[in-house]
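Here's the structure we're looking at; comments come further down.
What follows draws every value from the coordinates through simple rules; no lab data is involved. Keep in mind that what you see is a predicted model, and the values were worked out from it rather than measured. Neighbour counts run over all protein chains shown; Cβ positions are idealised from the backbone, glycine included.
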Amino acid sequence: MLLDVISTLGGMILPPAVDFIKKKFLDKGSDTPTATISSLATTKPEVMPAYVESLAKLWDSKFKYFNRDVIGSPSQWVVNLRSSIRPITVPISLIMIFCSAMFNFQLDPSVKIIAETCVGEWFGSRLL
């Protein structure tokens with residue numbers, strides 16, 4: 001029972017808490033692409049085109065790495081499947097937890113913890 005409470009509360013509280021700590025207490029730093037371009041514009045404007053081109057290549061490589069599992073444009077059923085994963089898992093998790101509590105439906109402890117973490121994380125994302 002204690003592990004159930006920990007997983008649910010951890011899923012609810014940890015994502016907003018981490019975002020709050022990152023926004024309020026961690027310094028974003030001054031070494032940003034905008035600051036570098038600003039510095040180059042005043043000191044060495046002749047190297048700005050090369051910097052902007054290299055920055056564009058960096059973001060292009062990050063984009064390609066992020067979409068590495070998708071070659072070309074995915075078919076509509078793949079897009080629909082990806083967008084429906086979370087809206088399906090949360091109600092199913094809620095139904096499993098409800099059946100476990102009300103009808104003495106025995107869930108494996110690991111399945112129950114995953115379901116509670118899924119629901120807790122969904123509620124936690126609503127707190128933001």
Can you pull the percent of Cα pairs in the range 2-126 with separation above 22 Å? 64
Under a Cβ-only charge scheme (Lys and Arg +1, Asp and Glu -1), can you give me the dipole magnitude of the range 2-126 about the Cα centre, in debye to the nearest 20? 200
Using the basic label-point model (7 angstrom from Cα toward the beta carbon), what is the residue 79 to residue 98 distance in nanometres? 3.2
Here the gain from full extension of residue 18 to residue 90, 0.36 nm per residue of separation minus their alpha-carbon distance, amounts to 23.7 nm
For residue 123 and residue 61, calculate 0.36 nm times their separation in residues minus their Cα-Cα distance, and state this gained length in nm to one decimal. 18.9 nm
Under 30 Å between alpha carbons - lysine pairs in the chain that sit 8 or more apart or on different chains: 13
Descending packing, highest mean Cβ count within 10 Å first, for 16-23, 88-95, 111-118 is 111-118, 88-95, 16-23
